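> The structure is given below, and queries will be raised subsequently.
No value in this document is a laboratory result; all are computed from the given coordinates. Remember, predicted model here, so these are calculated numbers, not experimental data. Here the Cβ is made from the backbone with ideal geometry for all residues, glycine too, and neighbour counts use every protein chain on show.
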Amino acid sequence: MFKSLILYKAAPAALVLMFLCTSVMGGGPVFWEISKQEDIIKGDARGVSIAENGAITLASDFTLAYDTKEAYIWSSASDSAGNIYLGTGHEGRIFKVEPSGAGRLLYDAEELDVSALATDAQGNLYAGTSPDGRIYKITPAGQVSTFYDPPDKYIWALAFDARTSTLYAGTGDKGVIYKIDATGKAAVLVDTDETNIVALALDKEGRLIAGTDPSGLVLRVSAEGKTFALFDSPMQEIHKLSVEDNGTIFALGINQKGGSQPKGDIGISSTSTLSREGVITLSTSGDDDTGGVSSLASLLGQSSSGSESSAAGSRSAVFRILPDGGNDVYWKATSAVGFGLKALSDGRVFVGTGEKGRIYSVARDRSYTLLIQSPEDQTSTIISVGGELFATSSNLGRLYRIGRRTVSEGTYVSPVHDTKFGGRWGIVNWRGAGNVEVQTRSGNTESPDATWSDWSAPYKNSSGDQITSPRARFIQWRATLRSNAQTNQPAARLQSVVIAYLPRNQTPEVSSVSVLPPGVALQEMPLAIDPSVATSGLDAQLFGLAINVPPRRFFQKGARSLNWQGTDPNGDSMTYKIFYQTLGDKEWHLLAENLSQSYYTIDGNRLPDGSYLFKVTASDSPSNPEGLALTHEAITDAIELDNTPPSVKVTGPTVTGQTVDVTFDTEDTTSRIVKGEYSVDGGEWKLIFPADGIADSARESFKVRVNFTRPGEHVIAFRCADSSSNVGTSKVTVKSQ
């Protein structure tokens, strides 16, 4: 039951959802501490940021700038005047948001989704739609015309080159890139081997950069349409591109599911669809176990680049491609799918995800912070307008402004912790600074619902306050951080929270009691353990020492060995006792106690021959105070103890010429006779069956007939063994004619 835990920290700022389930010292409480970023983000962060070292602080201001009233925003763009354009789905509408914050519907297209937007220096807006892809041009005056109507089904990406007044369009599902001049005249720039061109960007030299699906390539395309693969990622889709002034390219790659699978031949792919989450799905004519429909997740590629292994198994990854051709993994996530990407002038890279709409900030040293958790399900794009940052969302389709100031109040709700058996709450304590308060609630359902308790009153003492929530199996804590009105006070910061509790003791169990064959004895293998470890009370396994070494087996006449499995739901240390009783008796007698190992060898000389029952009793008393320890027992089937060899009586011999017949009558008081053998004149032992043909009882008769080839005196020896490996012998001297 009760566990005492020592919490180890790699550094004062390190933070891990550490439920240290193994006891290092019996008789104490369990401490549940959250202290690692990867585990803290499993909770719910509203108005707070979570740094790489796990510190929770107030987040940047995240305010609603415009609500489109649509479900999804797939694309966004801005012009030189500071206007923001939003492309939505599944009504195919375009909205314009002015610098003042006023917004309006700009155009309602016939297609379902506005999947790409771009602007030129004159303030013209270009919108690519899907499916039945078409590119519209909308002038600053609001005039709408079809700029180009390609034969392709999807317009995934647009990029405008102001130097040449050329609009580039990345399409699907044939992987074609078009170049369109100012008059709307279009030509195929390149027809790739890919199915979709998902992302487009221009570097500082005006060269076109393209992200593909399903091979997850980053291509550089010359003005003549010559493609060069800058990077072959291990992801299925390069969803977004962001290019810095120094030529560094950031590429956001995604998989619909994590994991690594070989690239498939998808050149025959004929259709693509856009999911609610914004992930492209391919429908192929190939046969597979999904009835011919393969998501991008099933087409994850193998890459020759060094970045593949470090991003393997990720659902999202941001790759940095350097001007000299080098590349590395800048950020990755195993559960979140990234959609928005923006490289900032200060060296940070923002990634918007579909996991609670969270936005991550990745620094130049590749440390990352959960910067903001959106009120919406997905952050689809991130754009910079006039020095300000904006994020668009889906479910619902809204535009948010990312401010430079922090919010005045934020809350963090921890994941639910399962104590397994309930018990008694101890104290809650935390490390932090500034205006921070902590509360708890508890319940007996896995997810908090109406049956859970209300949040407790705020605890006042960060060094330790008694938890007031009702006893229950599950517990959760909430922290509220507030800014201080006084500027000389430290900013609100929470580094760790520790919940202490005493689990309810559970009964240990003895199972799988087995009895080894007679004569097999067990001996404990010696372990070289530092005496200081042995006396410290710490689990030897913490020091890499194996403590469950199987015993050595050896032969010991008359020995009977018991072997069992002992388990404790609380992980408590256990001690065992062995009792015996003769078959038919009612009273148990103690044979051995204070056993720590789960085996015992019974010395046959300690007990007289007979049939016995043995009882193994387990107790968790080493980990529990007197009166609270629990026990469990298991009883064996009847076991025979027999150290007396069978008796052998000789009848005969009867001599007829050179043939001699001898009868050996055997009897055992406890066991059955299992084997008989004879030898002539010291020769080899020969097996012989009983007269009735089967050795199956305590009395057997063996008839030995020997034909001698020479006359004279001979010795016939006989031996038999019982089921306890005791051997009885006899011999007879005969004289043949």
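> Cα-based Rg (one decimal) and Dmax (whole number) for the stretch 647-736, in Å?
Considering the stretch 647-736 through its Cα atoms, Rg and Dmax are 13.0, 41 Å.
> Still on this structure, I have one more. Given 10 °C and 1.306 mPa s, how large is the Stokes-Einstein diffusion coefficient of the stretch 66-182 in µm²/s, with Rh as the Kirkwood radius over Cα pairs?
Translational D for this selection: 114 µm²/s.
> Just subtract the alpha-carbon distance of His90 and Lys649 from 0.36 nm times their residue separation and send over the number in nm, one decimal.
Here the segment from His90 to Lys649 would lengthen by 191.2 nm.
> For the stretch 165-231, what D do you get in µm² per second when you plug the Kirkwood radius from alpha-carbon pairs into Stokes-Einstein at 20 °C and 1.002 mPa s?
Taking Rh from Cα pairs, D becomes 183 µm²/s.
> Name the residues whose placed amide hydrogens come within less than 5 Å of the amide hydrogen of Ser314, ignoring near sequence neighbours (fewer than 5 apart) on the same chain.
Gly259
> Next question, about the same structure. Could you give the spread of the C-alpha atoms of the stretch 351-495 along their three principal axes, from largest to smallest, in whole angstroms?
Result for the stretch 351-495: principal-axis Cα extents of 56, 40, 29 Å.
> Which percent of Cα-Cα pairs in the chain sits in each 10 Å bin, short to long?
3, 11, 16, 14, 12, 11, 9, 8, 7, 5, 3, 1, 0, 0
> Also: Grab the alpha carbons of the stretch 377-432, take their convex hull, and tell me the volume per residue in Å³.
163 Å³
> Shifting gears a bit: Arranged by the count of other C-beta atoms within 10 angstrom, fewest first, what order do Ile249, Ile155 take?
Ile249, Ile155
> To the nearest 500 deg cm²/dmol, what mean residue ellipticity at 222 nm is calculated for the chain from DSSP H runs of n ≥ 4 alone, each contributing -39,500 (n - 2.57), summed and divided by the residues?
Calculated mean residue ellipticity at 222 nm is -500 deg cm²/dmol.
> Please arrange Ser596, Ser130 by how many other C-beta atoms lie within 10 Å of their C-beta, fewest to most.
Listed from fewest to most nearby Cβ atoms, that is Ser596, Ser130.
> For the stretch 130-191 and the stretch 28-57, what is the centre-to-centre distance using only Cα atoms, to the nearest Å?
The stretch 130-191 and the stretch 28-57 have Cα centres spaced 46 Å from each other.
> What whole number of Å gives the distance from the Cα centroid of the stretch 64-123 to the Cα centroid of the stretch 311-378?
24 Å
> Next question. Whole Å is fine, so just give me how far the alpha carbon centre of the stretch 659-737 lies from that of the stretch 209-243.
Distance between centres, Cα-based: 89 Å.
> Residue by residue, what Karplus-based ³J(HN,Hα) values in Hz, rounded to whole numbers, does the stretch 63-80 have, using 6.51, -1.76 and 1.60 with θ = phi - 60° and x for Gly and Pro?
10, 6, 9, 6, 10, 6, 6, 9, 7, 10, 10, 8, 8, 8, 7, 9, 10, 5
> Okay, moving on. Can you give me the long-range amide H partners of Gln378? Hydrogens built in the peptide plane at 1.01 Å from N, cutoff under 5 Å, separation of 5 or more residues or another chain.
Gly357, Ser394
> With 25 Å as the limit, write out which pairs from Lys686/Lys731; Lys36/Lys356; Lys36/Lys240; Lys69/Lys356; Lys69/Lys96 have Cα-Cα distances beyond it, or answer none.
From Lys686/Lys731; Lys36/Lys356; Lys36/Lys240; Lys69/Lys356; Lys69/Lys96, over 25 Å: Lys36/Lys240.
> Right, another one. For the residues Val734, Val114, what sequence is obtained by ranking on other C-beta atoms within 10 Å, fewest first?
Fewest to most other Cβ atoms nearby, the residues stand as Val734, Val114.
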